[in-house]
Structures are given as structure tokens and as C-alpha cells.
1. Within 10 Å, count the other beta carbons around each residue, average over each peptide in 124-131, 98-105, and list them highest first.
2. What length, rounded to one decimal in nm, is gained on full extension from residue 136 through to residue 157, with 0.36 nm per residue of separation minus their alpha-carbon distance?
3. Residue separation times 0.36 nm, minus the C-alpha to C-alpha distance between residue 91 and residue 46: what's the value?
4. Quick one: length gained pulling residue 166 to residue 114 fully straight, 0.36 nm per residue minus the C-alpha distance?
5. Quote the FRET efficiency, to the nearest 0.05, computed for residue 100 versus residue 73 with a Förster distance R0 of 30 Å and r equal to the Cβ-Cβ distance.
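Values quoted throughout were computed directly from the atomic coordinates according to the rules given, and no laboratory measurement underlies them. Just so it is clear, the model here is predicted, and its values are computed rather than measured. Cβ placement follows ideal geometry from the backbone for every residue including glycine, while neighbour counts extend to all protein chains displayed.
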Amino acid sequence: MSIPDGPGNAGATSRSNTTPGRWLALTLMVLVAVAVVGCDRISGEAAALQVGECLDLPTDESSFTDVQRQPCNVAHDAEVFMVLVHPAQPEEAFPVISGFDDYVEENCIPAFETYTGRSYPDDELTIGWFHPTLTSWGEGDRGITCHVARIDEAKLTASVRAGAPASP
């Protein structure tokens, strides 16, 4: 297609500055930007949680596999402070709930105090944990994830790690 000759158009032809390669590059840049911005607000496996990650607690705590991760500087329900592997052997039976309670008390309370710099029990914060279901235990899952949340169930708005800007 030609542009008629006229002032400022002498001998010019129309050509698009957007080639397929440029569209591809632009699309990739947008996808990378979305991934970088949204990567800390994604749903993911509860078993893959790591110390220092913040999350919203599942609404159905009886059985779940995914949790919603959140940046620690925005409103969230809890923060992971300890990830454990229960020492039970594969042939051992599923512990009664008090078996989990005892293990958590022995391991997570000292970790809470180290992680937060607070004594337990605390006036504002409490400990919670995720443990295997009967089914996942039978499949070899021994993971226990300890997390800290507010006693009043209000949202945290910063990390509770000792030395981080205060949240509660």
C-alpha cells in the first residue's frame, strides 16, 4: 500500500512496525510480568509450604491439599515457622490426635519462640499446624507444618519473624 505523495510523505510507503517477532516478545514480557507480580499470591500444595511463607488458612481444615499463599506484607491468616517430618516408620499406625499434639508441643513451641522472639503461650499469637490425613499417612506422608496466627483470628499484615517489622 502506498501513501500518496504530499508534504512530509515524499516517497514513503506504509509499513507496520509490529512484526510477528515483536508481538511474541511483547506477549512474553507481559507473561513474565504477570508471573513475577502474582507468584507470591498463588494457590499451591500445602505439603510444599516453607518456613517464612504467609498464607490464608483453608476454610475446610478437615482435609485439603492446596493453600493460598500471600505476601507477608498484605493481609494473611498465618505464617509458617517450622516444617517437620514425623519420625514414625512406614509400618507405624496413624497417631491419635494427642500423638500429633505431643509431637507439635515438643518441637513447634521451641521453634515458635526462636522464630518470633516471643514466649509461648503468647497474648496475641497462637500456634496451628497441618498434619497428614489417615489416607496420606498410609501413603507415607509424615509432614507437619507449624504456623502462627492471631488468637483473635484477625489478619496479620507483616511477618511475625523476630526482627521483622511488627504485625500484631
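1. Values: 124-131: 18.5, 98-105: 14.4.
My ranking of the peptides, most packed first, is 124-131, 98-105.
2. Details: separation 21, 0.36 × 21 = 7.56 nm, distance 3.24 nm.
Contour length minus the Cα-Cα distance gives 4.3 nm.
3. Values: separation 45, 0.36 × 45 = 16.20 nm, distance 2.39 nm.
Here the segment from residue 91 to residue 46 would lengthen by 13.8 nm.
4. Numbers: separation 52, 0.36 × 52 = 18.72 nm, distance 1.55 nm.
Stretched fully, the residue 166-residue 114 segment lengthens by 17.2 nm.
5. Numbers: r = 31 Å, r/R0 = 1.04.
So the FRET efficiency works out to roughly 0.45.
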